[in-house]
Amino acid sequence: MNALLSVRDLAVRIGTRPLVEGISFDLKAGEVLSVVGESGSGKSMTAKALMGLLPPAATATGRAEFDGADLLDADIAPPRGTGIGLIFQEPMTALTPVLTIGLQLTEALVSHEICDQKEARRRAAAMLDRVGIPQPEMRMRQFPHELSGGMRQRVVIAMMMLLGPRVLIADEPTTALDVTVQAQILDLLREIVAETGIGLILITHDMGVVAEMSDTVLVMKSGQAVEHGPVTRIFKSPEADYTRTLLDAVPRIDAATEQAETKQDVLLSVSDINKTFNGRGPHLFRRHGTRALDNVSLNVRMGETLALVGESGSGKTTLGRVIARLTEADSGKIQLNSLDLTACKGRRLRAARRQVQMIFQDPYASLDPRQTVGHTIAEPLIIHERLPRSERNERVRQLIEKVGLEADMARRYPHEFSGGQRQRIAIARAIAARPSLVIADEPTSALDVSVQARILDLLEEMKRGEELTMLFISHDLAVVRQIADRVAVMRHGKILELGSTTQIFAAPRHPYTRALIDVVPVPDPARKRGVRPALKGSYPAGPLVEASPGHWVAS
Amino acid sequence: MQTVTEPQTQRAPPGFWRRLVRSPSGLVGLSIVLLLVFCAAFADVLAPYSPTKMGAGGRFLPPGGKYLLGTDEFGRDMFSRILYGSRITLLIGAVAVGISLTVGMLVGMIAAFRRGWIEAILMRGTDVLFSFTETLIALSFVAVLGPSLQNAVIAVGVAGVPFYARTCYSAALVETSKPYFEASIAAGAGPARLVLTHLLPNVLPTMIVVATLGVSTAILAAAGLSFLGLGAQPPTSEWGYMLAGSRDYINRAPWLMTIPGLAIAVTVLGFNLLGDGLRTSLDPVERK
């Protein structure tokens, strides 16, 4: 069969600087092509070139044949929408917040003069129904902010499909979504491809998504195609070194877990924590608050890594912040060794903070842009230990080297470092004052896979070398499986299951845990699964009961 | 463990001054402001005549000839008056903005840092003041304190406080909610440390830019007060006052009005351009 879209020697340049070079591929009807690569690999730039959406300074050369015309020909208007549809990563920004869903859906149909407003509304409702949005008539009168992220992405997909494109380009369509929602959206895309026979170009950084979705894969690095071939071949016998590195760096949810020996001594004991976030506004008009934490109790043992896993809104970050005393709990008790953290105030609290340090998700925002890296790392030492300057500088030097950076980097400012390096600096700061507990809140989710792998290695090393106890907050089950000794699964402010990593992953008992593990895309094309049922109905969410030794499940 | 060499490590950015001078607006603005400072500093050397000596060569002499910018209704040399006027103008700008900036930043940072009822009182108070125009506040101040240049400067400074307080408050609010600030709290930093080493350096660049732009507003406001006869009193060579005094002679000697007017305009332009240049050169994003 002939290719729908045939790209030859696509190159994008700004001035003389090449951003993308020598990209060639064919996309057949009903085929899914994944373009995979890390940030800066040029994968999004490739999509933009095909859509004619390049920034004005950039020029594209080469050929991209679609429907008998060259998409890169500047004189021809690109067949946006009707020929090629584009789905963005962030469904909120892809929709106009001030117009109703219905208006946005029908707008393109009417402006392309495909049909009149009445017919457009009928078609839009049918399409919403098709992409799995219940009560489409009602939804069409709503505004984007009234819909959840997954719903919005469905609306965007419906919007694109309404115009009947033959090629759909999806740029990281599920990256901003929770893993259970991601699974549903991926299922939907797969169904659409199978039903309508369109060609799908899926741009992603997630090897799991690649393995589950694609027929062919194009691996990109620094603007160049590193490898191109059928998905099974790429995963089974990758030819390029880079593909191999990329595959090795991906944490596997189906990997074997090794259990570290942990002592049974409890370091941190959290009991009956409640936290409700109040709605804003004057008292009378205040809306009902959101219950972020609902009677949460938890023990962290000396030297272990306990992972808090859950989707957005599960309360995992709030729990971490409550333990770090960055957010005040409404009630409950936090006990660290013999110290009651909840009772600390003022000067005593500041002294106690030494014991609990945090690593934040966004390494770009968690370092003061106007302080040198050396000063940032030294801060806990300045606050808690009165050391002579020379001794302090020596400690900072050691810390910097310990996290794998060069000692003379201490004089530089954060913006001179890459994301991974910044996260190393944040780790150095966290361990500087030798805390007994480190809370790591999604420390790798803003990073590329290969950088993530190295940061996880570093954390692992710190844990062994410094005998750190760590509370690891993450939405990524594969990462958790790699680093955690025990796992607590959270949803809607409650812990639903708590057990050793082996117990949770090999023998999950709670239906939600099972669903959560089930939906994670595995980087192995042989394990491609069909459409999965979403977790429906109610599930036990009562107090935890010990199902087997050390394995607690909500009753 | 081996040293990690990840890509994207940027070279040290060019220095602040070089960045400022490289931007066209920064260069022009800085030149104008430096020229002004030079004039003010060496007014007694540069001025060919005393700014207050009357009737030396005749009244209403047009520009050119012996008197570079002509003479006024009392026969005073306009060039010398403008030169001496730059002293007062700069002083007004600096002192008035100094008052607004200091008080405004204090209010804004305390409100953003302490939150709660202190925040409510400070910011709602600011809102109330903000609902009056600055000129009105300045006018009422002068009405109470009595007309004099000193009081006019204080009035202009106080009138500017709400604006600076609010700008600083919102800038500080952004900073205090950033993870680096929380990281410092989590590290156990006390209030002094949080404010002095984290908050202040991060809001200061914004405030410097705002203040530079504010200098021109302050100069204009003070000139306005002088124009109304509530600021500088005769025989002070203040541009706004000179502008006001020339009103009666607009047909006979138009340069009496245009020259101080131009001086004010160029000064305002200079500070505005400098503010623009500072904004780009102090912004860490632009630095990359």
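The values are calculated or read from the model by the stated rules, or taken from the named source; none is laboratory data. Note that the structure is predicted; figures quoted are calculated from it, not measured. Here Cβ is always computed from backbone atoms with ideal geometry, including for glycine, and neighbour counts include all displayed protein chains. The accessibility values were calculated without ligands, DNA or RNA, using every heavy atom of the protein model including side chains. Shrake-Rupley method; radii C 1.70, N 1.55, O 1.52, S 1.80 Å.
Observations on the model:
- Residues of region A:139-159 with an amide N closer than 20 Å to a point placed 7 Å from the Cα of residue A:98 along the Cα-to-Cβ direction: A:141-147.
- Net charge, residue A:361 excluded, C-beta distance under 14 Å - Lys, Arg +1, Asp, Glu -1: -1
- DSSP loop trypsin sites (Lys or Arg not before Pro) with at most 12 other Cβ within 10 Å: longest gap in chain A: A:387-528
- Pairs from A:221/A:402; A:333/A:463; A:333/A:494; A:275/B:178; A:275/A:345; A:494/B:178 whose Cα-Cα separation, in the structure shown, is over 24 Å: A:221/A:402; A:333/A:463; A:494/B:178
- FRET efficiency for the pair residue A:3 and residue A:274, taken as 1/(1 + (r/R0)^6) with r the Cβ-Cβ distance and R0 = 60 Å, rounds to 0.55.
- Qualifying trypsin sites (Lys or Arg not before Pro) in region B:60-108, DSSP loop, other Cβ atoms within 10 Å at most 13: B:66
- Amide H contacts of residue A:19 (H built 1.01 Å from N, under 5 Å, at least 5 apart or other chain): A:12, A:13, A:14
- Scanning residues 5 or more positions from residue A:493 or on other chains, those with amide H under 5 Å from its amide H are A:315, with H placed 1.01 Å from N in the peptide plane.
- Rolled with a 1.4 Å probe across the full set of protein chains, the surface gives residue B:239 an accessible area near 10 Å².
- Candidates A:78, A:176, A:156 compared by Cα position along the dipole of chain A: farthest toward the positive end lies A:176, with charges placed on Cβ.
- Projecting label points 7 angstrom from Cα along Cα→Cβ for residue B:252 and residue A:290 puts them 7.4 nm apart.
- Residue A:135-residue A:244 FRET efficiency (beta carbon distance; Förster radius 56 Å; 0.05 resolution): 0.70
- Cα gyration tensor category, rounded, prolate or oblate, for chain B with a/c compared to 1.5: oblate
- Partner aspartates and glutamates for residue A:43 [C-alpha distance under 12 Å; skip if fewer than 8 residues away on the same chain]: A:21, A:171, A:172
- Rg and Dmax, both from the Cα atoms of chain A and both in Å, are 25.5, 78.
- Buried solvent-accessible surface, both chains (B, A), 1.4 Å probe, Å² to nearest 100: 3100 Å²
- Region A:328-416 - percent of accessible surface contributed by carbon and sulfur, probe 1.4 Å: 44 percent
- Helix-only arithmetic for chain A: the sum of -39500 (n - 2.57) across DSSP H runs with n ≥ 4, divided by the residue total, places the mean residue ellipticity at 222 nm at -10000 deg cm²/dmol.
- Neighbouring Cβ atoms from other chains, within 10 Å of the Cβ of residues in B:173-185, number 6 on average.
- Dipole of region B:36-163, positive direction: furthest Cα of B:80, B:145, B:158, with charges on the beta-carbon: B:80
- Annotation: average projected area of region A:90-180 is 5.8 square nanometres, based on the convex hull of Cα atoms across all directions.
- Across the options A:482, A:512, A:458, the greatest Cα extent toward the positive end of the charge dipole of region A:451-534 (unit charges at beta carbon of Lys, Arg, Asp, Glu) belongs to A:512.
- For region B:21-101, the set of chymotrypsin sites (Phe, Trp or Tyr not before Pro) satisfying both a DSSP loop assignment and a count of at most 14 other C-beta atoms within 10 Å is given as B:42.
- Segment residue A:461-residue A:539, length gained on full extension (0.36 nm per residue, minus Cα span): 24.3 nm
- Of the solvent-accessible surface of region B:146-207, computed with a 1.4 Å probe and all protein chains present, 73% belongs to carbon and sulfur.
- Within region A:291-322, backbone nitrogen closer than 18 Å to the virtual label 7 Å beyond the Cα of residue A:330 toward Cβ: A:291-297, A:313-322
- Annotation: amide H of residue A:307 within the under-5 Å range of A:472, A:485, A:486, A:487, A:488, sequence separation 5 or more or interchain, hydrogens built in the peptide plane.
- Computed over region A:128-221, the range of Cα coordinates on each principal axis works out to 43, 27, 19 Å, biggest value leading.
- 3J(HN,Hα) from dihedral phi, region A:157-168, Karplus parametrisation 6.51/-1.76/1.60, rounded to Hz, x for glycine, proline: 4, 4, 4, 6, 5, 4, 7, x, x, 9, 10, 10
- Cut-off 14 Å between beta-carbons: net charge of the residues surrounding residue A:271, Lys and Arg +1, Asp and Glu -1: -2
- Mean partner shielding of peptide A:370-380, defined as the number of other chain Cβ atoms within 10 Å of each residue Cβ, is 3.
- Charge context of residue A:239, other residues only, Cβ under 10 angstrom, K/R +1, D/E -1: 0
- For region B:200-254 versus region A:181-246, the spacing of their alpha-carbon centroids is 66 Å.
- In Hz, Karplus ³J(HN,Hα) per residue of region A:115-124 (6.51, -1.76, 1.60; θ = phi - 60°; x = Gly, Pro): 7, 7, 4, 5, 4, 4, 5, 5, 5, 4
- Between the beta carbons of residue A:237 and residue A:266, assuming R0 = 51 Å, the FRET efficiency works out to 0.60 to the nearest 0.05.
- The GluC sites (Glu not before Pro) of region A:65-167 that meet both conditions, a loop assignment by DSSP and at most 10 other Cβ atoms within 10 Å of the site Cβ, are A:113.
- Estimated 222 nm signal from helices in chain B, with DSSP H stretches of n ≥ 4 weighted -39500 (n - 2.57), rounded to 500: -22500 deg cm²/dmol
- Here the Karplus curve 6.51 cos²θ - 1.76 cosθ + 1.60, taken at θ = phi - 60°, turns the phi angles of region B:264-281 into couplings of 5, 4, 5, 4, 4, 4, x, 5, 5, 5, 4, x, 4, x, 5, 4, 6, 7 Hz, with x standing for Gly and Pro.
- Cross-link partners for residue A:118 among the aspartates and glutamates, with Cα-Cα distance under 20 Å and sequence neighbours closer than 8 places in the same chain left out: A:107, A:129, A:137.
- Rg/Rg_globular for region A:342-394, with Rg_globular taken as 2.2 N^0.38 Å and Rg from C-alpha atoms: 1.32
- Note: relative contact order over chain B, using C-alpha pairs below 8 Å and six or more positions apart, is 26 percent.
- Over chain A, relative contact order from alpha-carbon pairs under 8 Å, at least 6 apart, %: 15 percent
- Within region A:344-463: Cβ-based charge dipole about Cα centre, in debye rounded to nearest 20 (Lys, Arg +1; Asp, Glu -1): 840 debye
- Accessible surface of residue A:71, taken over heavy atoms with a 1.4 Å probe and every protein chain present, rounds to 20 Å².
- If both residues of a DSSP beta bridge must be in the protein assembly as shown, then about 60% of such bridges are antiparallel.
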